[in-house]
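These notes are about the structure you will find just below.
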Amino acid sequence: STILVTGANGYIAAWIVRTLLDKGYIVKGTVRSEDKGKRLQEIFEKYGDKFKFVVVPDITKEGAFDDAVKDVDAIAHTASPVNFSAVDPQELIQPAVRGTESILRSALEVGSNVRRIIYTSSAAAVLRVDPEPRTFSEDDWNDLSVAEVERDGKDALPITKYRASKTLAERAAWKFFGENKDAIKWDLVVINPPFVFGPVTHDVPTLSALNLSAAQFYSIVVGHSDAGGKTPQELRSTGTSWIDVRDLAEAQALALQTESVANERVIVSAGAAVWQEWLDVANSLAPIYLPSHLDLPKGVPISKSDPQIIHQIQYNTSKAERLLGIKYRTKEATVQDTFADYEARGW
Ligand code: NDP
């Protein structure tokens, strides 16, 4: 069957495309320009005409996806801005919300073969930052970031603007689904991943073109011996839950095939880690996998008898385990493959 993947040239989407192609699906990816599509075609050359692309220049336009959804059996919607540089929060919110509404409407009106839509939301739509450590579940919603953006507008923190865009977009997806339930012939599955790390498979011509989450990982764990400017104390107290990009792609493939996940919101997470834990893993593996960077930042290593480490934000992932049975990579496996990728790219 044929799966449509939106924003196919993105970090996560390109791994979804590759995973689906490896499983024998035909994949149609949407991109914003012909050029981006051609680069993807080169990247997925070995799959021949099993990979196709379609140019959707503006996802916020109603009907933008009408051509793209024809003849597809399922959709993985990932296209959404991920950056901390927006001044007006609407730069993030509009494409996130309208892009989501637009693809759902196209699927409803012209996607006669569509049976399932998987929307990549985020743990950003779930969490809230409290003084006390907390474990969140699918019952939690980050309406706080939305309220903060309404209050502070352009002055809201960049991460708050992003979190608000993801909360509003996921709310819009469920609202559309609820309002059109009787006419809809497909299921909606929402996947909420935390920070996504791991090697890249999309087009990244230079290190500076790396997407936000992979760039942050590089900058703190490898890139600058100052650990991205974080103090030893910050390395021990900040960080978040994470998932390897390939496990997230696999989760989406599983979500395509699993009946019981229909109309569910599902948090996927390999666990929580402060940055120092990544530094410790990196320093133990670097001599083997990243010999060009033996001057990695070290911070202050965590000893086994060190009870100081607190994971502020954790997730209850029992629903994902029960419904999808995901196996998560370890930090060691993710670092190892990420370093091998850096080495191959000369970073
Ligand atoms: P990338 O920046 O690598 O990819 C984003 C994709 O969305 C690109 O294809 C990009 O196209 C497209 N896009 C961005 N803005 C627009 C817009 N205004 N109109 C149309 N398309 C647009 O990010 P990721 O792969 O990391 O993120 C993909 C999805 O996963 C997003 O929905 C994100 O919120 C979500 N997510 C990511 C996490 C992470 O840690 N990486 C964690 C949780 C969720 P173009 O290249 O043309 O700009």
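Evaluated at 4 °C with a viscosity of 1.567 mPa s, what Stokes-Einstein diffusion coefficient in µm²/s does segment 1-90 have when Rh comes from the Kirkwood expression over alpha-carbon pairs?
97 µm²/s
Computed from the mean reciprocal separation of all distinct C-alpha pairs, what Kirkwood hydrodynamic radius does segment 232-291 have, in Å?
Its Kirkwood hydrodynamic radius stands at 14.0 Å.
Pairs to check: LYS304/LYS331; LYS23/LYS327; LYS230/LYS304; LYS166/LYS319; LYS70/LYS185. Give those whose C-alpha atoms are more than 19 Å from each other in this structure.
LYS230/LYS304; LYS166/LYS319
Which values, in whole Å and largest first, are the semi-axes of the equivalent ellipsoid of segment 207-347 obtained as the square root of 5 times each eigenvalue of the Cα gyration tensor?
29, 19, 13
For segment 104-148, compute the orientation-averaged projected area of the C-alpha convex hull (one quarter of its surface), in nm².
4.7 nm²
Note the angle between two axes, namely the Cα long axis of helix 11-22 and the longest principal axis of the Cα atoms of the chain, as a number of degrees from 0 to 90, rounded to the nearest 10.
70 degrees
Kindly express, to the nearest 10 degrees and within the range 0 to 90, the angle between helix 158-179's C-alpha long axis and the longest C-alpha principal axis of the chain.
30 degrees
I want the antiparallel fraction of DSSP beta bridges within the chain, as a percent rounded to 5.
About 10 percent, rounded to the nearest 5.
Using amide H atoms built in the peptide plane, which far-off residues or other-chain residues are under 5 Å from THR30 H to H?
Close amide H contacts, sequence-distant or interchain: VAL5, THR6, GLY7, ALA8, VAL54.
Report the full-extension gain for the segment LYS175 to ARG128: residue separation times 0.36 nm, less the Cα-Cα distance, to one decimal in nm.
Roughly 14.8 nm would be gained on extension.
Relative to the present Cα-Cα distance, how much length would full extension add between SER303 and VAL87 at 0.36 nm per residue of separation?
Contour length minus the Cα-Cα distance gives 73.6 nm.
Please list the three semi-axes, largest first and in whole Å, of the ellipsoid equivalent to segment 112-245, using sqrt of 5 times the eigenvalues of its alpha carbon gyration tensor.
Equivalent ellipsoid semi-axes, largest first: 31, 21, 14 Å.
Between the helical axis of 275-289 and the dominant principal axis of the chain, each derived from Cα atoms, what acute angle in degrees is found, rounded to the nearest 10?
Long axis of 275-289 versus the principal axis of the chain: about 80 degrees.
Using just the helices of the chain, give the 222 nm mean residue ellipticity in deg cm²/dmol: DSSP H runs with n ≥ 4 each add -39,500 (n - 2.57), and the total is spread over all residues, rounded to 500.
-12500 deg cm²/dmol
Could you grab the relative contact order for the chain? Cα pairs under 8 Å, six or more apart, rounded to a whole percent.
The value is 18 percent.
At 4 °C and 1.567 mPa s, grab the translational diffusion coefficient of segment 276-323 from Stokes-Einstein with a Kirkwood Rh over Cα pairs, rounded to a whole number in µm² per second.
97 µm²/s
Give the calculated FRET efficiency between LYS61 and GLU259 to the nearest 0.05, with a Förster radius of 45 Å applied to their Cβ-Cβ distance.
E between LYS61 and GLU259, to the nearest 0.05, is 0.85.
Working from the pairwise distances between different alpha carbons, so that the mean of 1/r is found and then inverted, what is the chain's Kirkwood radius in Å?
20.7 Å
Throughout, read-outs are computed from the coordinates displayed, never taken from laboratory work. This structure is a prediction, so every number in the text was calculated from the model and none was measured. Reconstructed Cβ throughout: ideal geometry from the backbone, glycine too, with neighbour counts over all protein chains shown.
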